[in-house]
1. How big is the protein assembly as shown in terms of Cα radius of gyration and Dmax, in angstroms?
2. Under a Cβ-only charge scheme (Lys and Arg +1, Asp and Glu -1), can you give me the dipole magnitude of segment A:89-134 about the Cα centre, in debye to the nearest 20?
3. Within 10 Å of each Cβ of A:114-127, how many other protein chain Cβ atoms are there on average?
4. Across peptide A:104-110, how many C-beta atoms of other chains are within 10 Å of each residue C-beta, on average?
5. Please find, in a Gaussian network model of chain A (springs between Cα atoms separated by less than 10 Å), the residue of A:K73, A:K126, A:K16 whose mean-square fluctuation is greatest.
6. With r defined as the distance between the Cβ atoms of A:R45 and A:K8 and R0 fixed at 22 Å, what FRET efficiency is calculated, to the nearest 0.05?
7. Measuring nothing but label to label, 7 Å from Cα along Cα→Cβ, what are A:N13's distances to the other copies in nm, shortest first?
8. To the nearest 20 debye, what is the magnitude of the charge dipole of the protein assembly as shown about its Cα centre, counting +1 on the Cβ of each Lys and Arg and -1 on the Cβ of each Asp and Glu?
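Derivation of every value follows stated rules applied to the coordinates shown; laboratory data play no part. Please read all numbers here as calculations on a predicted model, not as lab measurements. Cβ sites come from the backbone with ideal geometry, for glycine too, and all protein chains shown count toward neighbours.
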2 protein chains.
Amino acid sequence: MADKEVIKILTENNLKVTPQRVAVLEVIMGLENHPSAENIVDYIRLNFPHVPFGTVYKILDAFIEKEIIQRVKTENGIIRYDSVKKPHHHLYCEDSERIEDFYDEDLNKLLENYFKKKKIPNFTIKDYKLQIVGKFKV
Amino acid sequence: MADKEVIKILTENNLKVTPQRVAVLEVIMGLENHPSAENIVDYIRLNFPHVPFGTVYKILDAFIEKEIIQRVKTENGIIRYDSVKKPHHHLYCEDSERIEDFYDEDLNKLLENYFKKKKIPNFTIKDYKLQIVGKFKV
DNA sequence: CCCCATTAGAGAATGATTCTCTTTTGATAT
DNA sequence: ATATCAAAAGAGAATCATTCTCTAATGGGG
């Protein structure tokens, strides 16, 4: 249960290792779903039936500050979360709520080269995220 | 005041022309700001001091359904709005709330060509939106 | 094993957005 | 022009995700 990897991440980031934090991080890293706060609470409550939303939000905020996870914007304003691994892009399904990570080294290089040549006036680029909108085939 | 262009857009989309709708659309198309619902209400109230939020939200929903405008995602979950003109991308400032449209035909072509060659398994692309995160120089 | 800063718990508060119900109004046909 | 009526606006309550506040519990260094 006590996931070594998860505990390592917490200690490396100077976050006290608590059962709740371990549970939240396990859920986010386990699910490839980009869960919302509600999704996370639902999962945690399978093991800790009384965890309040406030606690989970606080944990998520702590993780975001340490850049262990990041927020994922959605069209409808509900915040979802993603464990940051390598830089990646997102596939958004128009119909369902499905969001999927999209890794593509070539694409990253392509963009990087493109903006190396073509500067944007008065703007310093730090990162780019491509949202690929479309439909998953069944 | 009664903006011909705005009225034309409304009638073309089978939306009844009301002063409130004209005002909302004028604001969104006038401001290049990607205003939030609150911003829009503030502006409208200069002329119609009593417009309720509910009305503006209903108008915005109607416009979105007709694809006259679109939602813009933000990091903090507050929805902002953008009049859809040509396909474009967004510059997000890390520090301020500033969001700016970024037009780049070459970039569109680059992406289009890239994904023409490199198909994503089980996914049909409809559109891509690049979020360029960084900082505006002062 | 003690201490205490940090974290979790509990629940109220907030604030953006949505919903419901009533009144008004734009646009079509008379 | 006027009547008509579906659609839209007004008003305000309701909802729901998120944040805040305050108190109790606890992880981990000494």
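1. Taking only Cα atoms of the protein assembly as shown, I get Rg and Dmax of 21.2, 66 Å.
2. It works out to roughly 600 debye.
3. Details: counts 5, 4, 0, 1, 3, 0, 7, 2, 6, 9, 6, 5, 6, 6.
Mean shielding count: 4.
4. Working: counts 4, 0, 3, 4, 0, 0, 5.
Neighbouring Cβ atoms belonging to other protein chains average 2 per residue here.
5. Maximum among the listed residues: A:K126.
6. Working: r = 25 Å, r/R0 = 1.15.
Computed FRET efficiency for A:R45 and A:K8 comes out at 0.30.
7. So the distances to the same position in the other copies read 4.1 nm.
8. On the way: 44 positive and 44 negative charges, 93 e Å.
My answer is approximately 440 debye.
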